[in-house]
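Data block below; observations after.
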Amino acid sequence: MRILIVGATSAIAQKVARLFAKANHSIFLAARNEKKLVSVAQDIQIHGAHPVHYMTLDMNDFDLHPALIHQATQSLGGLDILLVAHGQLPDQPACQVNVREAEQAFKVNFLSVLSLLTHASHQFQKQGSGTIAVISSVAGDRGRQSNYIYGSAKGALNIFLEGLRNRLFPYGVHVLTIKPGYVDTPMTSHLKKNRLFADPESVARDIYKAIQKKKDVVYTPWFWRYILLGIKLCPEWIFKRTKL
Amino acid sequence: MNAYECWGRYPKAKHQIEPIYWTSENPFIHSPATSYLAFGKGRSYGDSCLNDGGVLLDTSGLNRWIHFDDEKGVVRCEAGVSLAEVLRLAVPKGWFLPVTPGTKHITVAGAIANDVHGKNHHRAGTFGRHVGQFEIVRSDGTRLLCSPQKNQKYFSATIGGLGLTGLILWAEFSLKRIPSSWIQMETIRFGNLDEFFNLSRDSDEKFEYTLSWIDCFSQGKSLARGLMMRGNHAENYPDKKRFSIRDRSINIPCTAPRWFTHSSIMKGLNVCYFYKQRKKPRVSRVHYDSFFYPLDILGSYNRLFGRGGLLQYQCVLPFEGHGDLSAIKLILSRIAKSNLASMVAVLKVFGNIPSPGMLSFPRKGITLALDLPIRGQKTFHLLEELDAVVGEHHGAVYPAKDARMSGENFRRFFPQWKEFRDYVDPNFSSGFWRRVTQEPSPIGLAS
C-alpha cells in the first residue's frame, strides 16, 4: 500500500510508520524539520519500508498542500492511505489572554487539516477507495477549563471528520477519527506522568488496527471511550462546577 | 515506581529527567545544569548509571536505525537502540552481535560506555573492539566524531568511559555472520577449581563461547565446583526456524521477601542445580536466546533479591598460563565461608585480546562475577576484603557492576584514571565517579 504521513516526526506517527514499514509498504513522509525527517526516513527504510520519500514543509503554509498531495501521489504512484498526525498542544493560560495564540492553535490543529483534507478528499473521492486517518484527541469531546482551546480545535476537527466521512462513504472512502488520551511523547514531556499515560507504541498499534478494520472512530487506549462517555454524560450544571 | 534506578536497586538516587528525542538537537538546552549523565536501560548494577541530584538524559527516544549494510554486516544506529532490537534486525538476515553480555536489554551506547564482554571474550575481546565510529556531544555543544582514526583519544576514553566523556548520539559497529540462530552446546560438570582450569583451557580452543556457573557455597576439596557451558553456532540447520528470533519473558510482579535469598535456600538451590547435571557431559542444541540470555526470561529478576537490593561483584585476576591460583582460591573460599552468595555466580577465563578502551575492565586473567543480596554491613565488609586481595594481585573490579568500591581501590585498579580524567566532560558526572574520585570515600551503608 501507498501511505502519506503528515507530521511524520511526531512520536505516534513514527511508530505507526514503523508498523507499516514492517509490512513493506511504500511511505511518503512530510514534516517541518528536515534533519528529523531524514532520521525517520532512514529508520523506517531499515524497518522495511520501500520506497521511502519525504518532503519538508510547514503545514501552516496552506498553499503547499496541493503540491504535497501531488508530490506524494507521483512518488508513490498513487495514494491509498493518508495519515494526518501533526498538531500542537497550546499553552492554555496564554491562549486565554492572547487571541493570537488561540488563533494559532486553531490554525495548526484544525484549519491546516481542513485545508489538506479538502484537497485530498477530491482525489480519494475520484479514485473511489482509500483511507483518511486523522489524529484528533479526547480533548475534543468536551470543553474543560484546563484545555479548551486545544479541545475546541479538536472538537471542530471531529465534526469536520464526521461530515467528511458522511460525504465520502458512498464513494468507498474510509475516514478514521483517532482519539488518543494522554500519550508519553515530546508533546507532553512537560506534564507529570501518571497511570493514564500510554506509550506511543501501543497507541500506534491501535491506529494500525483501526485502519485495517476500517473503524470510524477509535479511542486509544480503549478505556478512554468509557472515561469520555462518563464525562459527556455529566449534566452541564454539574460539569461547570468541576475543576477538570 | 521510580523507573530511573540501577539494576541492583542500591543505592537510591533522585534526578531531574531530560528525555532526548533527536540526535540533531542540543540535548542540554532545556535543562541547564552542571551535572549530566546519560541513562539507557538502567542495567548497570550500581551508581555508574545514577547521578543523584543531577540531570539524567534519558536516551530511550534515540531509538532509530541510521544505516544497515546487510552485505558487510555493519549497523549504524542511535544511542538508545537496544541489543534486543539489533538482534531482531540482524538475526533474520544471518547476522549476530559480535559480543554480547548476559542480557540483551542494554543500549548500544551502554555497551560502548561499559565496554561490555561476553562468553566469547577469549576469541572476540570486548564490544569496543567491534565499534567503527560514534559521535558524542559535549556539554558545551561541541560534537566529536570519534573513530580509531579521528579524535582517537576521545574514542578510546569513551569506550569503557562510563558515559562521562559526553553524550553518545549514535554509533556504528560490525556484526558477525552466523550459520543459524542455534547453538550446539555442551554442559560439563567439574568438581573443583583445578578441573575448571583444565576444562577451560581445553574448551577455549575448540569453542567460541564458554562460561561456567559455580556453586558458591561449596568448600574444601570441591571449592568452585560447577558446570561449564560451552558452545558454537550450530551449522547446517535445515528448517525454516534457522534464523528465528526469540524474545520471551515473564515479569516478576513484586519484590521477593527477605527469606527468599536466605543462605539455606540458596545453598539448597545450588546443590540441586549442580546435581541436575549428570557426570556425563550433555550435548544439546539450544536457541541463542536461552544460551546467552537465560536470565532475560525473568522480566526483572533483580526483584528476587528483596527490598534491600543486590550487589554484583565482578573482579578479574591476571594470570599467565596455569600459574598462580592462590588469589582466586582465597577469594572463592572467603565467599563460600561467608554464606552471603546467591545462585548467580560465574567464572570465565578472559583472553589476551586488548580492548581499545582506556578505562576498560577486561584483561587477560580469570574473572569471577556473582550476585549478593545486600545483608547490611556484612556484605560490604566481605567485598571490601575481596577488593584487598584483588588489589594485591594486580586485578581489578568492574565499575559497571559496582556500587561500593572505595576511591582508593578504584585508583589502584585503574591507574590510568588520571589520563582518563582529562577527557571527562566537566559537566558530566555520576554517583560512581564522584564516589571514586572524591575523598573521603564512603564505604557501605554510610551514605
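Bear in mind these aren't lab numbers, they're just calculated from the coordinates by the rules spelled out. It should be emphasised that the depicted structure is a prediction, and the values quoted were computed from it without experimental measurement. Quick reminder, even Gly has a Cβ in these numbers, built from the backbone with ideal geometry, and neighbours come from all protein chains shown.
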Compute the Rg/Rh shape ratio of the range A:1-150: radius of gyration over Kirkwood radius, all on alpha-carbon atoms.
1.00
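Dipole magnitude of the range B:301-447 about its Cα centre, charges +1 at Lys/Arg Cβ and -1 at Asp/Glu Cβ only, in debye to the nearest 20?
460
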What helix-only [θ] at 222 nm does chain A give? Using -39500 (n - 2.57) per DSSP H run of at least 4, over all residues, to the nearest 500, the answer is -14500 deg cm²/dmol
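Averaged across the residues of B:20-28, what count of C-beta atoms belonging to other chains lies within 10 Å of each residue's C-beta?
On the way: counts 1, 8, 7, 3, 6, 3, 0, 0, 0.
For this peptide, the per-residue mean of nearby foreign Cβ atoms is 3.
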If each part is reduced to its alpha-carbon centroid, the range B:1-28 and the range B:346-387 end up apart, in Å, by 26
Taking the Cα centre of chain B as the origin, how large is its charge dipole in debye, to the nearest 20, when only Lys and Arg (+1) and Asp and Glu (-1) carry charge on their Cβ atoms?
1440
C-alpha long axis of helix A:34-46 to longest principal axis of chain A, angle in °
60
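Greater than 20 Å separation of Cα atoms is the criterion. Which listed pairs, A:Lys22/A:Lys126; B:Lys12/B:Lys401; A:Lys15/B:Lys104; B:Lys41/B:Lys364, meet it? Numbers along the way, then the final one.
Working: A:Lys22/A:Lys126 29 Å; B:Lys12/B:Lys401 15 Å; A:Lys15/B:Lys104 22 Å; B:Lys41/B:Lys364 29 Å.
With Cα atoms farther than 20 Å apart: A:Lys22/A:Lys126; A:Lys15/B:Lys104; B:Lys41/B:Lys364.
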Projecting each Cα onto the charge dipole of the range B:181-321 (Lys/Arg +1, Asp/Glu -1 at the beta carbon, about the Cα centre), which of B:Met266, B:Ser200, B:Tyr288 comes out farthest on the positive side?
B:Met266
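Would you mind putting B:68-79, B:250-261, B:163-174, B:24-35 in packing order, based on average other-beta-carbon counts within 10 Å, highest first?
By packing density, highest mean first, the sequence is B:163-174, B:68-79, B:24-35, B:250-261.
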DSSP beta bridge pairing in the protein assembly as shown, given as percent antiparallel to the nearest 5
60
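Give me D for chain B in µm² s⁻¹, whole number, from Stokes-Einstein with Rh from the Kirkwood sum over alpha-carbon pairs, 37 °C and 0.692 mPa s. Let's see the in-between values first.
On the way: Rh = 22.2 Å.
For these conditions, the coefficient is 148 µm²/s.
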By per-residue mean of other Cβ atoms within 10 Å, what is the highest-first order of A:66-73, A:235-242?
A:66-73, A:235-242
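Can you pull the mean other chain C-beta count within 10 Å for peptide B:61-71? Write out the running numbers ahead of the final one.
On the way: counts 6, 1, 3, 10, 8, 5, 3, 4, 0, 1, 0.
Mean partner shielding for this stretch: 4.
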Semi-axes of the equivalent ellipsoid for the range A:89-145, Cα gyration tensor, largest first, Å
30, 13, 6
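Per-residue mean of other chain beta-carbon atoms within 10 angstrom of the beta-carbon, peptide A:39-49? Could you put the intermediate results ahead of the total?
Details: counts 10, 2, 1, 8, 7, 2, 3, 10, 4, 1, 0.
Whole-number average of other-chain Cβ neighbours for A:39-49 is 4.
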Per 5 Å bin, what percent of the C-alpha pairs of the range B:321-429 does each bin hold, from zero upward?
2, 9, 20, 23, 20, 13, 9, 3, 1, 0
Among A:Leu191, A:Ala210, A:Pro170, which residue has its Cα furthest toward the positive end of the charge dipole of the range A:164-244, with +1 on Lys/Arg Cβ and -1 on Asp/Glu Cβ?
A:Pro170
Peptide ranges A:42-51, A:133-142, B:137-146, A:4-13 listed from the most packed, as the mean C-beta count within 10 angstrom indicates
A:4-13, A:133-142, A:42-51, B:137-146
If Rh is defined by the Kirkwood formula over all Cα pairs and Rg also comes from Cα, what ratio Rg/Rh do you get for the protein assembly as shown?
1.02
Between B:His117, B:His67, B:His262, where does the largest GNM mean-square fluctuation fall for chain B, given springs only between Cα atoms within less than 10 Å?
B:His67
Compute the distance from the alpha-carbon center of the range A:19-81 to that of the range A:146-170, in whole Å.
24
Report the residue, chosen from B:Gly299, B:Gly395, B:Gly308, that carries the largest GNM mean-square fluctuation when chain B is represented by alpha-carbon nodes joined by springs under 10 Å.
B:Gly299
For chain B, what does the helix formula give at 222 nm: sum of -39500 (n - 2.57) over DSSP H segments with n ≥ 4, over the residue count, nearest 500 deg cm²/dmol?
-6500 deg cm²/dmol
